[in-house]
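> Below are the structure tokens for one structure; questions will follow.
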Amino acid sequence: MRAGGCAVAILPQFGGKIASIRIGERELLQTPLAPIATRTRKIAFDACDASGWDECLPSVAACSVETRAGIVEIPDHGDLWRVEWMSQGGSRKRGVTGKYTHDSMTLNGKCFSLPLELERGLKLSDEADGWRLRLEYALRNTGSQTVPWSWSAHPLFAVEEGDRIILPQSINSLRLEGSGGGRLGNGGDPVAWPIAELADGSHVDLSVADAPDSGIGDKLFAGPLSAWENWCALERRSAGVRIRVTFDAFATPYLGLWICYGGWPERPGPKQMCVAMEPATAPVDSLAIEGAWSRVLASGEAYSWNMEVEIENIES
């Protein structure tokens, strides 16, 4: 898809992956750590390309979940990034060069661990100060039994040292899901934002991206969030852009933050250098962990939500 100087590349055959968001020659997403190739139902996420933007459904973490039909095994990062998505058509818009370019697309992905089907519509548009990518989701239970589910967007935005994460001023504490080497503590611990105390007693500004050799890999959650806390941003002055993610805080009241500066994957080879700003339905990665956030979908029932990514040109 293309709108002016912004181009978005989608790979339906590889989980509907948004493989690239490019402004001119500048790539805004994490590039592949390995060749993008066919996935199996059991392969680990870190054994693949670990790049771009995937959708995590019905769980982020691999887990065993009890359903009315019995115990279900859900794989790492869910089902949808492993399967081919089907196109539901799209509009076409004549570009200024006279060539046809897509500015919208709707894709449909079907889970295999649970009878869930996700439709995702994408719309890319030029704005006065940049570009907007709007995503509209519709989830349906196609089975005969009520099933549990959770969803998280998984956009891995590339960063450089010194880039800044911006959250609403009212957010001053996050929940820790996990931290490489335990530098921020243990899973479930509260972590102050933006100045956090490390396990060794020193302090760090979590809002500022560190160097790629720092070996950092932390996952945190904010929320539940109110209607005026429904955004987060990544300011990349070196790249001349500000990326702002907004979402429906009623439908998806949590925000996951994956900050990785060379700390993952743990296997030998290339590492991620990215920040993922992830609207989510739950403040935990595993569907097996139940709480007030837990959700079920009855047979034939549907649920809808949306999110937007605004890309604004700023002075570098």
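The values are calculated or read from the model by the stated rules, or taken from the named source; none is laboratory data. Remember, it's a predicted structure, so these values are computed and weren't measured experimentally. Don't worry about glycine lacking a Cβ; one is built from the backbone with ideal geometry, like all the others, and counts go over all protein chains shown.
> So Ile23 clears everything in (1) out of contact with any Pro (no Cβ under 9 Å at 6 or more places or on another chain); (2) within 23 Å of Ser87 (Cα to Cα) except one condition, right? Which one?
(2)
> To continue, here is another question. Given Ser64, Ser87, Ser104, Ser59, which one is closer than 30 Å to Arg237 by Cα and either at pLDDT 95 or above or polar (S, T, N, Q) (or both)?
Ser104
> Residues of segment 215-233 being surrounded by 15 or more Cβ atoms within 10 Å (Cβ to Cβ) and either among the aromatic types (Phe, Trp, Tyr) or closer than 17 Å to Gly263 by Cβ (or both), which ones?
Gly215, Ile216, Gly217, Asp218, Lys219, Leu220, Phe221, Trp231
> On to the next question. Working only within segment 37-57, note down all residues that are surrounded by 14 or more Cβ atoms within 10 Å (Cβ to Cβ) and over 18 Å from Trp264 (Cβ atoms).
Arg39, Glu55, Leu57
> Which residue out of Glu66, Glu84 is in contact with a strand residue (DSSP E or B) (Cβ under 9 Å, 6 or more places away or on another chain), exposed (fewer than 14 other Cβ atoms within 10 Å of the Cβ) and among the acidic types (Asp, Glu)?
Of the residues listed, the single one that is in contact with a strand residue (DSSP E or B) (Cβ under 9 Å, 6 or more places away or on another chain), exposed (fewer than 14 other Cβ atoms within 10 Å of the Cβ) and among the acidic types (Asp, Glu) is Glu66.
> Filter segment 295-316 down to the residues that are part of a loop (DSSP other than H, G, I, E, B) and of a type in the set (D, E, K, R), then identify the one that is surrounded by the fewest Cβ atoms within 10 Å (Cβ to Cβ).
My answer is Glu315.
> Any residue in segment 281-294 that is in a strand (DSSP E or B), in contact (Cβ under 8 Å) with a residue 24 or more places away in the chain and in contact with a strand residue (DSSP E or B) (Cβ under 7 Å, 6 or more places away or on another chain)?
Checked against the condition, which is being in a strand (DSSP E or B), in contact (Cβ under 8 Å) with a residue 24 or more places away in the chain and in contact with a strand residue (DSSP E or B) (Cβ under 7 Å, 6 or more places away or on another chain), segment 281-294 yields no hits at all.
> Restricting to segment 194-209, name every residue that is assigned to a loop (DSSP other than H, G, I, E, B) and surrounded by fewer than 16 Cβ atoms within 10 Å (Cβ to Cβ).
Once the filter is applied, which keeps residues that are assigned to a loop (DSSP other than H, G, I, E, B) and surrounded by fewer than 16 Cβ atoms within 10 Å (Cβ to Cβ), segment 194-209 yields Leu198, Ala199, Asp200, Gly201, Ser202.
> Against the condition in a strand (DSSP E or B) and touching a strand residue (DSSP E or B) at 6+ places or on another chain (Cβ under 6 Å), how does Leu184 come out, does it pass?
Details: in a strand (DSSP E or B): no; touching a strand residue (DSSP E or B) at 6+ places or on another chain (Cβ under 6 Å): yes.
So Leu184 fails the test.
> Among the residues of segment 122-136, is any of a type in the set (Gly, Ala, Ser), under 27 Å from Glu235 (Cα atoms), in contact (Cβ under 8 Å) with a residue 24 or more places away in the chain and not in a loop (DSSP other than H, G, I, E, B)?
Yes; the residues of segment 122-136 include at least one that is of a type in the set (Gly, Ala, Ser), under 27 Å from Glu235 (Cα atoms), in contact (Cβ under 8 Å) with a residue 24 or more places away in the chain and not in a loop (DSSP other than H, G, I, E, B).
> Which of the residues spanning segment 255-282 are farther than 14 Å from His154 by Cα and out of contact with any Lys or Arg (no Cβ under 6 Å at 6 or more places or on another chain)?
Tyr261, Gly263, Trp264, Pro265, Glu266, Arg267, Pro268, Gly269, Pro270, Lys271, Met273, listed by residue number.
> A follow-up question, please. Considering only residues that are of a type in the set (Phe, Trp, Tyr) and under 21 Å from Gly143 (Cβ atoms), which ones fall in segment 282-316?
Hits for segment 282-316 are Tyr303, Trp305.
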